[in-house]
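As structure tokens, the structure follows; a few thoughts come after it.
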Amino acid sequence: MTAIPPQEDDAKLAPTIKTNKASADKWGQQVIELGFCLVPSLLLRAQQRIGLNPTQLAVLLQLCDFWWDKERKPFPSKETLAQRLSLSERQVQRYIAELEQAGLVQRIERRSSNGGKLSNTYDLSGLVKRLQELEPEFREIEESAKAARKAVMKRGYKAAAKPSGEAAR
């Protein structure tokens, strides 16, 4: 069995995805042809609520970039993640341990047929579950804001009177 360097191995697994014209127009066709990652906006909007620091979010986004199919969990090497993030492999390991402790990621050890260690597989179902739990709250806020914008656009709109304690100064 021949070992493939991490970056080559990762590149060979990348799916061929047809891009739509809007994405190509926005980012440029050559940029999109190198690949893109589908990440729910809620992950970015709820970063603080989930308790993610910027580096933890960056690690999660990198893991998401390797998660192409629901049934096939990502398995980038720590070396690849470290290179992409300009961190040491040990730092990557610590951040993944923090994400695991928060219940967002689960590391699953992989072994080759001869018993040698391979890169871990990362189960992101904890992150998915957390986002699904937060979704109703964020949806309610979004719908309230949408209703407020719609009300402002109506003819004859008058702002609600401020309670007596909030008089203009």
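The values are calculated or read from the model by the stated rules, or taken from the named source; none is laboratory data. Nothing here was measured: the structure is a model prediction, and the numbers come from that model. All accessible areas refer to the heavy atoms of the entire protein, side chains included, with ligands and DNA or RNA removed. Shrake-Rupley method; radii C 1.70, N 1.55, O 1.52, S 1.80 Å.
Here are a few things to note about the model shown:
- Extension gain from Thr121 to Phe138, taking 0.36 nm per residue of separation minus the Cα-Cα distance: 3.1 nm
- Cross-link pairs exceeding 28 Å in C-alpha to C-alpha distance, out of Lys21/Lys150; Lys21/Lys70; Lys21/Lys78; Lys70/Lys117; Lys26/Lys146, comprise Lys21/Lys150; Lys21/Lys78.
- Using heavy atoms of the protein chains and a probe of 1.4 Å, the accessible area assigned to Ile108 is about 60 Å².
- Shape call, the stretch 37-169: gyration tensor on alpha carbons, a/c limit 1.5: prolate
- Put Asp69, Asp123 in order of accessible area, highest first, and with a 1.4 Å probe you get Asp69, Asp123.
- Largest-first ordering by accessible area, 1.4 Å probe, given options Trp67, Trp27: Trp27, Trp67
- Heavy atoms of Glu143 accessible to a 1.4 Å probe, total area in Å² rounded to 10: 110 Å²
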